[in-house]
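Comments concern the structure below.
The values are calculated or read from the model by the stated rules, or taken from the named source; none is laboratory data. None of the values given here were measured: they were computed from a predicted structure. Using ideal geometry, Cβ is built from the backbone for each residue, glycine included, and neighbour counts are taken over all protein chains shown. Please note that ligands, DNA and RNA were not included when accessible areas were found on the heavy atoms of the full protein model with its side chains. Shrake-Rupley method; radii C 1.70, N 1.55, O 1.52, S 1.80 Å.
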Amino acid sequence: LLIPWQLNAQVLLNENFDAVESGVPTGWIAEGTYSNSWQSTKGSYATGWENSYGLYFNCYSASSGKTAILKTPVLDLTSSTKDMMLTFNLYDADEDEIRVYVSTDGGETYEDNLLLTCEKVSAWQTIELPLAAYKTSNNVRIVWYGISSYGYSRPTIDNVMVAPAPSCAVAENL
């Protein structure tokens, strides 16, 4: 799903997960202390964004404190003359926690947080996070860090995009 201002822009990442049958897309990394980690919503758990599929942190009945880490492929933010923005859709109806970090060393470390926590999102929300601070890095990975609270939920992300940020504010209250 491209937003009109992105149609002619240099999109570095555009993943809607619709073609993912199991696991994660090629080039993405899933790891953590919970064995089921991130999974496609195709099949038994089909909560999607606009009837599409996404990836979810399968923490259903996982004991508290279990983690699942999801990393994008490496992105070269120096390849664009414009400031970039991360956009994705998120759903999490329970107590489980999702944090979003940026790694500038290919995913080895990820201390720079974009979104420290996002809990109890009871409806799909579009999250937009600026990446301008990382425009001199050619070894970027976006990292979703899920933490289970034994909450019987499955935090889900969909429509992940890294593209140039709009040069003007988006119109609201039209």
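Listing for the model above:
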read-out: Among residues of the stretch 53-88, those that are part of a strand (DSSP E or B) and at pLDDT below 90, counted; value: 6
read-out: Qualifying residues in the stretch 1-18 (those that are open to solvent by 40 Å² or more (accessible area, probe 1.4 Å) and farther than 25 Å from Ser40 by Cβ) - the one modelled with the highest pLDDT; value: Gln10
read-out: Filtered residue count, the stretch 141-174, keeping only those that are on the phi > 0 side of the Ramachandran plot and at pLDDT below 90; value: 3
read-out: The stretch 92-105, subset crowded, with 21+ Cβ neighbours inside 10 Å and in contact with a Ser or Thr (Cβ under 9 Å, 6 or more places away or on another chain), residue modelled with the lowest pLDDT; value: Asp96
read-out: Among the residues listed as Glu50, Glu21, the single one being at pLDDT below 70, among the acidic types (Asp, Glu) and over 24 Å from Glu111 (Cα atoms); value: Glu50
read-out: Near pairs, Cβ below 9 angstrom, 6+ apart or cross-chain, from the stretch 122-140 (on the phi < 0 side of the Ramachandran plot and among the acidic types (Asp, Glu)) to any residue that is open to solvent by less than 50 Å² (accessible area, probe 1.4 Å) and not in a loop (DSSP other than H, G, I, E, B); value: Glu128/Met85; Glu128/Leu86; Glu128/Thr87; Glu128/Phe88
